[in-house]
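The values are calculated or read from the model by the stated rules, or taken from the named source; none is laboratory data. No experiment lies behind these values; they were computed from the predicted model shown. So basically every Cβ, Gly included, is an ideal-geometry build from the backbone, and we count neighbours across all protein chains shown. Just so you know, the surface numbers come from the protein's heavy atoms only, side chains and all, with ligands and any DNA or RNA stripped out. Shrake-Rupley method; radii C 1.70, N 1.55, O 1.52, S 1.80 Å.
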Amino acid sequence: MKFETLATDGAARAGTLQLRDAKILTPIFMPVGTQATVKAISQDDLEEIGYRLILGNTYHLYLRPGAETLRQAGGIHKFMSWPHAVLTDSGGYQAFSLSKNVKLKDHGVIFRSHLDGSEHIFSPESTISIERDIGADIIMPIDDCAPYPADDKRLKESLARTHRWLAECKKYWLREPRHQHLFGIAQGGVNPLLRADSAKACADLDLPGYAIGGLSVGEPLEYYVPSLAAAIEHLPKEKPRYVMGVGTIPELLNGVALGVDMFDCVLPTRNARNGQVFTSVGKVNLRNLKHAQSDSPIDPECSCKVCKKYSLGYIRHLHKQNEILGLMLSTYHNLYFMHGFMRQMRHAIQAQNFEQFRTHWLRLFAPV
Ligand code: GUN
Ligand code: ZN
């Protein structure tokens with residue numbers, strides 16, 4: 001994996017990440033494909049939009065179809081017929097958010113499946129072994145993401161565990177690194193000093209890239225920038241930086257302004273399925289009665305195939321009737337929008353007018 005910065009504007013940077021067959025342009029947004037599918041869109045359409053890196057979840061894939069099935073299939077790429085790059089998140093975070101009776105132990109996370117109640121453990125060793133079977137290009141270590149709010153005692157415990165697990169994950173990864181790249185995950189809640197400590201501890205392990213976790217866990221908006229800034233200051237410039245589970249348009253703009261290169265979030269796909277689409281004039285709620293007779297596209301400025309062909313009024317009707325095509329069309333549009341938005345960010349950085357770009361879009365997507 002080779003990461004290069006091509007242009008900077010303030011702390012914002014535009015670069016390339018060489019993975020598998022592709023030169024991936026950064027900053028990049030990764031659609032979430034939890035169960036080896038990005039919901040309501042085909043691999044062909046993802047490819048057509050221009051996506052070359054998507055995310056999968058170890059927690060779900062381990063439970064179903066299971067690591068052995070993925071290994072037998074020759075890895076997730078072959079299994080889902082996606083020849084481009086994949087990143088897998090580790091299972092710990094989802095075990096916490098989805099399963100019952102989770103127990104955080106020093107050697108790993110013990111949890112019961114949300115599907116059938118069976119008991120499992122994710123440890124550094126089992127996480128790396130499962131991620132090896134899944135076969136993603138970028139793999140994430142098991143970490144301890146403290147909830148919000150968490151006091152400093154809990155946050156320090158989270159750091160100790162996260163750093164120890166990261167060192168162990170590195171050891172198991174190095175036994176057979178193949179073509180997989182292990183990132184570190186820095187934690188630290190909303191305490192900038194702990195954010196800095198965690199970033200330093202991760203950077204000391206000299207990994208191919210670094211993520212910032214524990215954000216977007218319910219903390220007030222104003223903590224996002226200081227927490228992120230404190231971590232980034234201690235992450236090496238020459239490695240990619242990834243903010244996990246983020247985000248909204250303002251979070252992407254503010255993250256890129258601080259020097260973040262990678263993001264993933266369910267927002268564009270989940271919102272699309274709930275009838276909310278992103279447009280050049282802000283968010284639009286498809287289910288709104290005022291669109292019932294609209295014969296314009298979702299976004300007249302958008303050149304996606306959905307906006308070229310279908311009217312807002314028709315897509316609204318599909319959503320109101322819970323028709324599957326409604327989910328598909330709005331998902332395609334939102335992912336096309338996100339891909340274009342990231343490309344515009346890169347161009348703004350290259351043209352040295354990122355600040356102007358950021359101000360423009362912050363106004364359109366101001367949090368309400
Ligand atoms: N996804 C969103 N936040 C996190 C985090 O803190 N850790 C992991 N592993 N995944 C995440
Ligand atoms: Zn469109």
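Does segment 298-305 contain at least one residue that is farther than 25 Å from A14 by Cβ, within 16 Å of ligand 2 (Cβ to nearest atom), of a type in the set (K, R) and not assigned by TED's automatic domain parsing to the domain that holds G91? There is at least one residue in segment 298-305 that is farther than 25 Å from A14 by Cβ, within 16 Å of ligand 2 (Cβ to nearest atom), of a type in the set (K, R) and not assigned by TED's automatic domain parsing to the domain that holds G91. Any chance segment 51-62 includes a residue that's in contact (Cβ under 8 Å) with a residue 12 or more places away in the chain, open to solvent by 50 Å² or more (accessible area, probe 1.4 Å) and farther than 30 Å from S118 by Cα? So far as segment 51-62 goes, yes, one or more of its residues are in contact (Cβ under 8 Å) with a residue 12 or more places away in the chain, open to solvent by 50 Å² or more (accessible area, probe 1.4 Å) and farther than 30 Å from S118 by Cα. In segment 1-32, of all residues being touching a Leu at 6+ places or on another chain (Cβ under 9 Å) and free of Cβ contacts under 8 Å to residues at least 24 places away in the same chain, the one that is surrounded by the fewest Cβ atoms within 10 Å (Cβ to Cβ) corresponds to K2.
Residues checked against (1) within 15 Å of ligand 2 (Cβ to nearest atom); (2) surrounded by 14 or more Cβ atoms within 10 Å (Cβ to Cβ); (3) at pLDDT 95 or above:
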{"residue": "N271", "(1), (2), (3)": "yes, yes, yes"}
{"residue": "T279", "(1), (2), (3)": "yes, yes, yes"}
{"residue": "S296", "(1), (2), (3)": "yes, no, yes"}
{"residue": "S311", "(1), (2), (3)": "yes, yes, yes"}
{"residue": "Q321", "(1), (2), (3)": "no, no, yes"}
{"residue": "H333", "(1), (2), (3)": "yes, yes, yes"}
{"residue": "Y336", "(1), (2), (3)": "yes, yes, yes"}
{"residue": "I349", "(1), (2), (3)": "no, yes, yes"}
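Elements of the type helices (runs of 4 or more DSSP H) sitting completely within segment 70-155 and holding at least 2 residues that are at pLDDT 95 or above and more than 16 Å from ligand 1 (Cβ to nearest atom): these cover 76-79, 124-134. At least 3 residues being away from ligand 1 (no atom under 16 Å from the Cβ) and farther than 21 Å from P27 by Cα is the threshold, and among the strands (runs of 3 or more DSSP E) wholly inside segment 259-368 those reaching it are 282-285.
When you look at A366, is it surrounded by fewer than 19 Cβ atoms within 10 Å (Cβ to Cβ), modelled with pLDDT under 95 and either more than 21 Å from the chain's Cα centre (by Cα) or under 21 Å from V260 (Cα atoms) (or both), yes or no? Spelling it out, A366 is indeed surrounded by fewer than 19 Cβ atoms within 10 Å (Cβ to Cβ), modelled with pLDDT under 95 and either more than 21 Å from the chain's Cα centre (by Cα) or under 21 Å from V260 (Cα atoms) (or both). Residues of segment 198-245 that are within 12 Å of ligand 1 (Cβ to nearest atom), buried (at least 22 other Cβ atoms within 10 Å of the Cβ) and among the hydrophobic types (A, V, I, L, M, F, W, C): A211, I212, L215, A231, V243, M244.
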